[in-house]
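Scroll down for the structure; my scribbles are underneath it.
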Amino acid sequence: MSPFKRVLLASAIGLGASAWMSADATPAPTTPAAATAHPDQWPLLPHARQRDPKLEARINTLLQRMSVEDKVGQLIQVDIASITPADLLTYKFGAILNGGNSAPNNDEFAPGPEWLKLYDAFWDASIMRFDGRAVVPIIWGTDAVHGDNNVVGATLFPHNIGLGAMRDPDLIEKIGAATAAETASTGLDWSFAPTVAVVQDDRWGRTFESYSEDPAIVASYAGRMVQGIQGRVGAGFMAPGHVISSVKHFLGDGGTGGHDQGDTRVSESVLRDVHAAGYETALPAGALTVMPSFSSWNGVKMTANKSLLTGVLKDRWGFDGFVIGDWNAHGQVPGCTNEDCPTAINAGLDMFMYSGHGWKQLYENTLREAKDGTIAPARLDDAVRRILRVKLLSHTFDAGRPSSRPLAGHFDELGSAAHRAIARQAVRESLVLLKNNGGVLPLKASANILVAGRGADDVGMQSGGWSITWQGTGVTNANFPNAQSIWSGIDAATRTAGGRATLAVDGRYTAKPDAAIVVFGETPYAEFTGDRPTLEFSPDDKSDLALLKRLKAAGIPVVAVFLSGRPLWIAPEINASDAFVAAFLPGTEGGGIADVLIGDAAGKPRTDFHGKLSFSWPKRVDQYVLNRRDPGYDPQFPFGYGLSYAQATTVPLLSEAKPAISAGDQNALFVRGRVAGGARLDATAGARIARVDRNAQEDSLRLSFPGTVAIEEAHPIDVSRESNGLLSLVIDYRITAAPTGLITLGMEGGKLVALPIKGSLQGPVGEWRSLAVPLRCFADAGVDMAKITRPMVLTSDGAAGVDISIARIASAPPGPAGCGN
């Protein structure tokens, strides 16, 4: 039985969401299974949208007027960081996108009008032709994954993990509609959402993009989110204010063992019954595009799995929209490069998503392969037909210039009062009360409340990754003009009742408060930068725990508000708190937390807790997978757990015992005074290494030159996905003696490439600064990014002194990041 049918059945007979579990959802095999799907073993799907003969005739007419050059152009989407409107005067591509760190004018804080202005320029160029062939306008895709999150001023909703705790499909549809309206206000017409991953290992850095570990919850949301984004078929489908949706990442992205872009090794029945749940409601709701996953199924990349992309998705399920690749994912297919991959097209990919400056080569190679039969004419026509169908259904041909569309330029949609109200409701409903010993909550609005912790007054931290910037880093509260921090919401709630809330991030106070709210948790991340080796919260920095313990020892009732994108082992932090709230990543409406935590002047609840865990929370740091089908299922907090004010329960002291396990992060080359596990520091040719203090005792290196200092790996590390994701080698440094000769920063993998950086080290002596060199600089020069033996090689042929406190592979901080000077 399919998950979709299980959801309906469970609802009909009054079972909970866990009713999806059944004997046919077999566990993962212990050895790799075949990666060929059997479409006849997959359910048939009912579709609300049926093909329109008039629209199909229009597609036929357009195809007849298109040359093979035109058709191949439609198969390519290019990042706006890699292409200009002038390029589209010659190359009539199908689409553009803004990748994680791409924005108009290369300004991640560009306001709404700049987005609309740039889209007008691209659109104008795409339709300008004088050869009599078909004019096919471009479309623009964006990762609007929790609101129109790339645009300053937009409403940012809780990330999916929080939405899963709501159990409210009606609100999900409203969120989708609000996101679409804000996206449409900037002219853009395509959202790369929703993510319908069913995450099974919480170490994965994209866990927060998943609604639940339970396929029934994912299925109950996926179709409703698509209806919100696109409108309902037969009732406003793709009407003004709605945009194209993209259901992702097909298929099994949540089963990769906690490794982003990894390999989901499960049986076909598990792939179907667990990981395909969201598609079985999203596709019948009319989703127009589907994005394959970077990941593999039993060793075969999804972008090249014909049995799934064509056999299941298109043939068995009847999906007639188009399949859009993920960011250069086709380049990971064996035998392919970013600039050449007919294998993916032949497997069922309809449009490449490309970033880089080799898009002309991608076009020329694909054109050659279309002409020589490597890509069959029927396959080319099928892909283009699908793209044209989506463009016609979304009114791309008839809607006109982006700025002329009904909602375009209505920038008051961004962060509108109505959308903020929806977001605030979502925050209230998503909060999960894990502990409330002694009935500490709700707090009296008339009380004297201390608000502490790093997340108390930090909108970026409460919003997480994909919040203006890709990683959610490099932002301040000023970049969220329509937002309210958690502290600000608490302050407003107490002021109305004559109480007082005092902000002190470090938890210091002069007069003892009646209670303390401590807001802390994970700092923002996205995708593979969020992969973790264990589920221990902050294993290398226990300052949050120390703050909780200090306040509790002072006899102050402590309420912990925990921000996280995944379940984590937090037994010590829970023990140090009287009440503990899992707030996940609530987005820009921090006031929703005060709505629930702060009662009236007498301490009676204004709003009760509603949220129930959509993921099981671990009892141990190594409890990565908690499967309710497993007889040994033993979480700290089970799926569905969530207290309320009406439910008085005392949580006993939790065990803080930890097994001894390895917890290395290969990208943390040198952090907190240590190199990554297995690596070592090496000084040659006269260079010397000593230790100095920055934030802690001997947490930094003092390097003296001339000579070479390098970090050497015990075994080669693979940073190819990081290079593809445009990450950088980032070093926090200070000059102690100005360089007198040439100084270079290098990376070695197969060959050593050293880039001059003296010009980047011209800052004042003694001042800490950051240097970022994009990994692509080394890759483009021939370094094998899959076999890095020395990720940092610093060389000077003259005297120089440099202190280094951090060296890691990460997203570059704001500011210039070039290939040396």
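Values computed for the structure shown
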quantity	calculated
Search result, residues across the stretch 545-559 that are of a type outside the set (Gly, Ala, Ser) and open to solvent by 10 Å² or more (accessible area, probe 1.4 Å)	Leu545, Leu547, Lys549, Arg550, Lys552, Pro557
Selection within the stretch 320-347 - within 22 Å of Ile139 (Cα to Cα) and open to solvent by 10 Å² or more (accessible area, probe 1.4 Å)	Asp320, Asp326, Trp327, Asn338, Glu339
Candidates Asp202, Asp189, filtered to the one that is touching a residue at least 12 places away in the same chain (Cβ under 8 Å), within 19 Å of Ala526 (Cα to Cα), crowded, with 24+ Cβ neighbours inside 10 Å and of a type in the set (D, E, K, R)	Asp202
Filter pass, Glu173 being open to solvent by 10 Å² or more (accessible area, probe 1.4 Å) and in contact with a Gly (Cβ under 8 Å, 6 or more places away or on another chain)	yes
Residue within the stretch 447-455 that is out of contact with any Gly (no Cβ under 8 Å at 6 or more places or on another chain) and open to solvent by 10 Å² or more (accessible area, probe 1.4 Å) present	yes
Matching entry among Arg508, Arg500 (being open to solvent by 50 Å² or more (accessible area, probe 1.4 Å), out of contact with any Ser or Thr (no Cβ under 7 Å at 6 or more places or on another chain) and either of a type outside the set (Ser, Thr, Tyr) or under 24 Å from Gly587 (Cβ atoms) (or both))	Arg508
Exclusive hit being within 30 Å of Thr142 (Cβ to Cβ) and of a type in the set (Gly, Ala, Ser), set Ala515, Ala504, Ala483	Ala483
Residue in the stretch 287-298 that is within 27 Å of Arg776 (Cα to Cα), over 23 Å from the mean Cα position of the chain (by Cα) and touching a residue at least 12 places away in the same chain (Cβ under 8 Å) present	no
Residues of the stretch 488-497 classified as of a type outside the set (Ser, Thr, Tyr), over 34 Å from the mean Cα position of the chain (by Cα) and open to solvent by less than 40 Å² (accessible area, probe 1.4 Å), total	1
Tabulated pairs, the stretch 719-746, first part of a loop (DSSP other than H, G, I, E, B), second open to solvent by 10 Å² or more (accessible area, probe 1.4 Å) and β-branched (Val, Ile, Thr), C-beta under 7 angstrom, 6+ apart or interchain	Ala738/Val765
Whichever residue in the stretch 351-400 is of a type in the set (Gly, Ala, Ser) and either in a helix (DSSP H, G or I) or closer than 15 Å to Met66 by Cβ (or both) and, among such residues, is nearest to the chain's Cα centre (by Cα)	Ala383
Subset tally (residues that are closer than 17 Å to Asp340 by Cα, out of contact with any Asp or Glu (no Cβ under 7 Å at 6 or more places or on another chain) and without any contact (Cβ under 8 Å) to a residue 40 or more places away in the chain) for the stretch 365-406	7
Every residue from the stretch 357-399 that is touching a strand residue (DSSP E or B) at 6+ places or on another chain (Cβ under 8 Å) and either crowded, with 21+ Cβ neighbours inside 10 Å or among the hydroxyl-bearing types (Ser, Thr, Tyr) (or both)	Trp359, Leu362, Tyr363, Thr366, Ala383, Arg386, Ile387, Val390, Lys391, Ser394, Thr396
Enumeration of residues in the stretch 209-243 that are hydroxyl-bearing (Ser, Thr, Tyr) and either more than 20 Å from the chain's Cα centre (by Cα) or open to solvent by 10 Å² or more (accessible area, probe 1.4 Å) (or both)	Ser220
Count of residues meeting criterion [in a strand (DSSP E or B), of a type in the set (S, T, N, Q) and more than 16 Å from Gln762 (Cβ to Cβ)] in the stretch 794-821	2
Count of residues meeting criterion [charged (D, E, K, R), more than 29 Å from Glu173 (Cβ to Cβ) and part of a helix (DSSP H, G or I)] in the stretch 254-309	2
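Condition check ((1) in contact with a Gly (Cβ under 6 Å, 6 or more places away or on another chain); (2) crowded, with 19+ Cβ neighbours inside 10 Å; (3) of a type in the set (Ser, Thr, Tyr); (4) assigned to a strand (DSSP E or B)) across all residues:
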residue: Thr534; (1), (2), (3), (4): no, yes, yes, no
residue: Pro539; (1), (2), (3), (4): no, no, no, no
residue: Val561; (1), (2), (3), (4): no, yes, no, yes
residue: Glu573; (1), (2), (3), (4): no, yes, no, no
residue: Ala583; (1), (2), (3), (4): no, yes, no, yes
residue: Lys604; (1), (2), (3), (4): no, no, no, no
residue: His610; (1), (2), (3), (4): no, yes, no, no
residue: Ser614; (1), (2), (3), (4): yes, yes, yes, no
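The values are calculated or read from the model by the stated rules, or taken from the named source; none is laboratory data. What you see is a predicted model; the values in this text were computed from it and never measured. Please note: Cβ atoms are built from the backbone with ideal geometry, for glycine as well, and neighbour counts cover all protein chains shown. Surface areas here come from the heavy atoms of the whole protein model, side chains and all, with no ligands, DNA or RNA. Shrake-Rupley method; radii C 1.70, N 1.55, O 1.52, S 1.80 Å.
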